[in-house]
1. From the Cα gyration tensor of the range 1-121, with a ≥ b ≥ c the square roots of its eigenvalues, which class applies: rounded if a/c is under 1.5, or else prolate if a/b is larger than b/c, or else oblate?
2. Could you let me know the centre-to-centre spacing of the range 86-149 and the range 6-61, using Cα atoms, in angstrom?
3. Under a cut-off of 29 Å between alpha-carbon atoms, report the lysines in cross-link reach of Lys24, not counting same-chain residues fewer than 8 places apart.
4. What do you get for the angle between helix 132-144 and the principal long axis of the chain? Use alpha-carbon atoms, 0 to 90 degrees, nearest ten.
5. List the aspartates and glutamates whose Cα sits under 12 Å from the Cα of Lys54, skipping any in the same chain fewer than 8 residues away.
6. Only Lys, Arg, Asp and Glu count, each charged at its Cβ (+1, +1, -1, -1), so figure out the dipole size of the chain about its Cα centre, rounded to 20 debye.
7. Tell me the Rg and the Dmax, in Å, that the Cα atoms of the range 74-149 produce.
8. Just subtract the alpha-carbon distance of Leu147 and Lys88 from 0.36 nm times their residue separation and send over the number in nm, one decimal.
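A short reminder: the numbers here are calculations on the coordinates, not readings from a lab. These numbers were taken from a predicted model, which means no experiment stands behind them. Reconstructed Cβ throughout: ideal geometry from the backbone, glycine too, with neighbour counts over all protein chains shown.
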Amino acid sequence: MGLNVYLSGEIHTDWREQIVEGAKDLDVSFDSPVTDHASSDDCGVAILGQEPNKYWHDHKGAMINAIRTRKGIEEADVVVVRFGDKYKQWNAAFDAGYAAAMGKSIIVLNPPEHQHALKEVHAAALAVAEEPKQVVEVLRYVLTGQLPG
């Protein structure tokens, strides 16, 4: 049994790389949004044409990025949603809601100080982790039945 895992959320730290590296011995394939911030922000105007109004600039990019995000979440067995410290990740909350509406298994990854703010997101998750290595251990257990050790 293999798993398709979509890694959603914050793009300012190396949490994705930590999970991918930690799971290299597992039958897991990973997908994620475009994590280059400038490319993600500017894809709409780079492809469809410039916009003088920042709202429409952002809107074009968000719509194109949503094509990738929807596909990734729809094809995932598990969706990991990371909420980091640096910014409010409204997009991550939206991804968690979309995944929940689709009945996807969700693992939320966030620092302990976000517990209260994310209580509704946590209620939809099947696991809430504070460290990437915990996500890897959840995946390992799901695939092999092995506990950390």
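1. Working: a/c = 1.77, a/b = 1.46, b/c = 1.21.
The shape class here is prolate.
2. So the two Cα centres are separated by 18 Å.
3. In chain and number order, the partners are Lys71, Lys86, Lys104, Lys133.
4. It works out to around 60 degrees.
5. Result set, ordered by chain and number: Asp41, Asp42.
6. Here the size comes out at about 300 debye.
7. That works out to 12.4, 36 Å for Rg and Dmax.
8. Full extension of this stretch gives 17.9 nm more.
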